[in-house]
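Quick notes on the structure that follows.
The values are calculated or read from the model by the stated rules, or taken from the named source; none is laboratory data. Small disclaimer: the values here were computed from a predicted structure and weren't measured. So basically every Cβ, Gly included, is an ideal-geometry build from the backbone, and we count neighbours across all protein chains shown. Heavy atoms of the whole protein, side chains included, go into the accessibility calculation; ligands, DNA and RNA do not. Shrake-Rupley method; radii C 1.70, N 1.55, O 1.52, S 1.80 Å.
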Amino acid sequence: MNDIIDFIKRRFKNDCDWLSGNCYYFALILKDRFPKGQIVYDPVLGHFLFLYHNALYDWTGEVEKRFFVPWETFEEYDQLQYQRIIDGCIK
């Protein structure tokens, strides 16, 4: 089984709003456990994901490919939306 999916299934059986409000923190947990991955943001759906070996993950497991922007460069992509995300989702 995929190491990330195994980690999610073993540790996160209960939904703590991982898809609606805590997706940044879930991606951060995955980044801490799998440091070679990257936190990314889907500006269309307004959702943080974790990118690892060209696959995207959230609390549901692996998700289909979609448009995303690496979070570390998102401020350059859209400074206003970046600040809105910081204020509304991260703080």
- prompt: Of the residues in region 56-67, how many are open to solvent by less than 70 Å² (accessible area, probe 1.4 Å) and touching a residue at least 40 places away in the same chain (Cβ under 8 Å)?
  reply: 4
message: Among the residues in region 31-41, are any acidic (Asp, Glu) and modelled with pLDDT under 95?
response: no
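Every residue, every condition in (1) surrounded by fewer than 10 Cβ atoms within 10 Å (Cβ to Cβ); (2) in contact (Cβ under 8 Å) with a residue 60 or more places away in the chain; (3) under 13 Å from the mean Cα position of the chain (by Cα), yes or no:
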{"site": "Asp6", "(1), (2), (3)": "no, no, no"}
{"site": "Arg10", "(1), (2), (3)": "yes, no, no"}
{"site": "Asn14", "(1), (2), (3)": "yes, no, no"}
{"site": "Tyr41", "(1), (2), (3)": "no, no, yes"}
{"site": "Val69", "(1), (2), (3)": "no, no, yes"}
{"site": "Glu75", "(1), (2), (3)": "no, no, no"}
{"site": "Ile86", "(1), (2), (3)": "no, no, no"}
